[in-house]
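Trainee: Next up is a structure, given as structure tokens.
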Amino acid sequence: MKQTPELRNLLSQESAVRRLKEESCPRKTVSFYRYVKISRPRQLRDDLFVEWSLLGVLGRVYLAPEGINAQISLPKSNVENFIQKVEHRKVFKNMQFKWALEEGESFIKLSIKVKHQIVADGLTEGAYNMADIGTHLKPEEFHEVLEDSSVVVVDVRNHYESRIGFFEGAYRPNCDTFKEELPMIQEYLKGKEKKKILLYCTGGIRCEKASAFLKAKGFKNVYQLEGGIINYAHEMRERGIISRFKGKNFVFDGRLGERVTADIVSTCDQCGVACDEYTNCENEVCNLLFIQCALCKERQSGCCTEKCLLVKKLPPEARRKYRKLFGPTNEKLFRSRQRPELRRRAIIKQMGPELRRRAIIKQMGPELRRRAICDVVGYNLNIF
């Protein structure tokens, strides 16, 4: 008899990674969403956690009174059973599943959270009507309409996503979040109310709200890519059509991206060479998401700056002291991850030991300079 799982994940990250590596069955990564009224999201959350845990589901799921937003992975052998269980629920009947373009270690735990919204928009209630959204275009229709030079194409994603892949000619807002993006899009489209507007995002969930928002603001000809970039890439591959989307599709899991075309449209944040490989800084307190080429990754041991490299080279006990002092990930830095400004610091590596030491100290803010790392952890950082 199977034991009913806990209603929350009790595994440490290390244990979760170890358990995943011990699996013998290959996994499939999939995302899906639906805007639908959910009357008891907390009860549904508990029911899904038990049901999906028994199927080996890992991933991140948001539930809210307005619907569900899920990005998960599960054993390939359980895919059919999972789909049946999802669609057995009336609110999720005929769900559109978007299967990953590339597989990899996407998730290590299952997290299902109840939120106020499945996509935070920062708008007041009644600012838009989700029953009045843009017209859905199939991938091949979207592809054809892109040939019309009079249409306005808008990328409904964050800046760090569009850094590594986009439809050429699209407006790509320089923003951190969806709620920041909506007023930026509205401002950009001023005077274009009568033009045909094409929206696209990763899987379609943000386009639904963005199109409803624009229609509420008076835009009449609003269209959106059905199934998002994921669906478009699958369709183009199956039909043997050259993709108009260039580069990688950013994903919010351990893969950090899946390749759509061979084009590399971005550069390493440290040396400037063509590169589209995202990584998180190996200093856990920093955790900066940035683009780093293989050579810089080797030279910097996966760190974004010399300061973070210092921390990584600390012995375990000293690193624990450092984390305890500076706390968890610097959220302000993490949320500004698409503008790391690391390249100007790369010249420090070319300096002699003394100049390098002074330059690193100079880069630190007053508080960090006052509490030099070696004093903080009581360890001699004689690594230069």
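The values are calculated or read from the model by the stated rules, or taken from the named source; none is laboratory data. The shown structure was predicted, so the numbers you read here are calculated from the model rather than taken from an experiment. Methodologically, a virtual Cβ is constructed for each residue, glycine included, from the backbone with ideal geometry; neighbour enumeration extends over all protein chains shown.
Trainee: Based on what the data block shows, is Tyr200 of a type in the set (Ser, Thr, Tyr), in the same structural domain as Ile185 (by TED's automatic domain parsing), surrounded by 24 or more Cβ atoms within 10 Å (Cβ to Cβ) and touching a helix residue (DSSP H, G or I) at 6+ places or on another chain (Cβ under 8 Å)?
Mentor: yes
Trainee: Output yes when any residue across segment 26-37 is part of a loop (DSSP other than H, G, I, E, B), under 22 Å from Gly204 (Cα atoms) and out of contact with any Phe, Trp or Tyr (no Cβ under 6 Å at 6 or more places or on another chain), and no when none is.
Mentor: Among the residues of segment 26-37, at least one is part of a loop (DSSP other than H, G, I, E, B), under 22 Å from Gly204 (Cα atoms) and out of contact with any Phe, Trp or Tyr (no Cβ under 6 Å at 6 or more places or on another chain), which makes the answer yes.
Trainee: Within segment 99-128, can you find the residues that are acidic (Asp, Glu) and free of Cβ contacts under 8 Å to residues at least 12 places away in the same chain?
Mentor: Glu125
Trainee: Okay, moving on. Output the residue which, of all residues in segment 20-36 that are surrounded by 10 or more Cβ atoms within 10 Å (Cβ to Cβ) and charged (D, E, K, R), is nearest to Gly67 (Cα to Cα).
Mentor: Arg34
Trainee: If the requirement is being among the charged types (D, E, K, R) and under 30 Å from Thr261 (Cα atoms), which of these qualifies: Lys98, Lys37?
Mentor: One residue alone meets the criteria, Lys98.
Trainee: Filter segment 320-331 down to residues that are over 21 Å from Ser106 (Cα atoms) and touching a residue at least 12 places away in the same chain (Cβ under 8 Å), then give me how many there are.
Mentor: 8
Trainee: What single numbered condition from (1) closer than 29 Å to Arg255 by Cβ; (2) assigned to a helix (DSSP H, G or I); (3) out of contact with any Gly (no Cβ under 7 Å at 6 or more places or on another chain) fails to hold for Pro183?
Mentor: All conditions pass for Pro183, except number (1).
Trainee: Oh, and also: Run down Phe166, Phe213 and say which single residue is among the aromatic types (Phe, Trp, Tyr), buried (at least 17 other Cβ atoms within 10 Å of the Cβ) and either touching a Gly at 6+ places or on another chain (Cβ under 9 Å) or assigned to a strand (DSSP E or B) (or both).
Mentor: Result of the check over Phe166, Phe213: Phe166.
Trainee: Can you pull out the residues in segment 235-267 that are outside any strand (DSSP E or B), touching a residue at least 40 places away in the same chain (Cβ under 8 Å) and touching a helix residue (DSSP H, G or I) at 6+ places or on another chain (Cβ under 8 Å)?
Mentor: Passing the criteria: Glu235, Met236, Arg239, Ile241, Arg244, Phe250, Val260.
Trainee: Pairs under 7 Å by beta carbon, first residue modelled with pLDDT of 95 or more in segment 180-191, partner among the small types (Gly, Ala, Ser), six or more apart or different chains?
Mentor: What qualifies is Leu182/Ala210; Ile185/Ala210.
Trainee: Inspect all residues belonging to segment 41-60 and state whether any of them is surrounded by 15 or more Cβ atoms within 10 Å (Cβ to Cβ) and among the basic types (Lys, Arg).
Mentor: yes
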